[in-house]
1. Kindly indicate the residue of the range 114-171 that is among the hydroxyl-bearing types (Ser, Thr, Tyr), within 15 Å of the ligand (Cβ to nearest atom) and more than 16 Å from the chain's Cα centre (by Cα) and also surrounded by the fewest Cβ atoms within 10 Å (Cβ to Cβ) among those meeting that condition.
2. For the structure I just gave you, tell me whether Leu52 is part of a helix (DSSP H, G or I) and surrounded by fewer than 17 Cβ atoms within 10 Å (Cβ to Cβ).
3. Considering only the range 81-190, give the helices (runs of 4 or more DSSP H) lying wholly within it that have at least 2 residues that are under 24 Å from Glu33 (Cβ atoms) and at pLDDT below 95.
4. Examine the range 73-94 for a residue that is among the basic types (Lys, Arg) and more than 12 Å from the ligand (Cβ to nearest atom), and state whether such a residue exists.
Amino acid sequence: MTVQLWLWIGTIGMSVGMILLFFPMQKNKSLSEQGDSIAHFLVPMVALTLYLLMALGHGSVVLPSGRVFYFARYIDWSITTPLLLLSLVSGAVEGHTRKRGALIAGLILSDVYMIVTGLVAGWTDDPTLKWWFYVLSCLSFVAIYALLWGPFKELSLGSPKGELYRRKAAVLSVVWFAYPVVFLIGQEGFRLWSPVVDAVLFTVLDLTAKVAYGLWAVSMVQHTGKVRDELPESGDRLVRGH
Ligand code: RET
């Protein structure tokens, strides 16, 4: 097994995911549900592009220590994690309050900060720089959890799709937690396992966080959408059909 094989597995997995997530976009549903399924389609599309780049031998650098660092992963994450967070909070927490806008801005900024500081920590072999930036990245990760389980959860309590938000947030919180752990133990951190193990774990994690999560989230949204549309007093506007 080689790193490159796993990069190809990632490329193929994301392509299959993209095809599977194409169909939910076609279904007849409300504006917010359409936005949600478009976001879940774009996530594997972006990832497929960067996996292909890495599989073809680009998107990485060989550091002076001889370690190969795949910066393309961070380009992928800097686009896909904001999309996943946006679909989580905007799909499930309704209403356009000013407070909600400020919270979304804070969430996305924390996320971008987490990925950028993580990129610096991963790129360097200087332990001082690495661990300071790792800690900064983890702090913003904590801020993301605090926002999701604090103010956003509170907003979700008054929303008809609140239960959906809390389920999606719970699954996302568990899956995302594995990323800093793999970083810590693998090549970017203590190097306790080989580059191939890193490639396997990141590929499996990416396929879980993007494709499996996406398919599950879209099917849940459709299910709750159906239940809501069957209710006589549905306040949701339909894009097509009505
Ligand atoms: C890094 C390293 C430094 C510490 C932390 C990290 C967190 C990364 C996360 C990535 C999530 C990626 C996903 C991609 C799928 O689309 C940057 C590894 C906290 C949470 C979900």
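1. In the first step, residues of the range 114-171 are kept if they are among the hydroxyl-bearing types (Ser, Thr, Tyr); the result is 117, 124, 128, 134, 137, 140, 145, 156, 159, 165.
Checking the rest, the ones that are also within 15 Å of the ligand (Cβ to nearest atom) come to 117, 124, 134, 137, 140, 145.
Applying the additional criterion that residues be more than 16 Å from the chain's Cα centre (by Cα) yields 117, 124, 134.
On the way: Thr117: 20, Thr124: 17, Tyr134: 20.
Per the stated criteria, the residue is Thr124.
2. Numbers: part of a helix (DSSP H, G or I): yes; surrounded by fewer than 17 Cβ atoms within 10 Å (Cβ to Cβ): no.
No: the conditions fail for Leu52.
3. Numbers: elements: 98-123, 127-149, 151-157, 162-185.
Correct list: 98-123, 151-157, 162-185.
4. Residues of the range 73-94 among the basic types (Lys, Arg): 73.
So of that shortlist, the ones also more than 12 Å from the ligand (Cβ to nearest atom) come out as none.
No - not one qualifying residue is present in the range 73-94.
The values are calculated or read from the model by the stated rules, or taken from the named source; none is laboratory data. Computed from a predicted structure; not experimentally measured. Cβ coordinates were reconstructed from backbone atoms using ideal geometry, including for glycine residues, and neighbour counts include every protein chain displayed.
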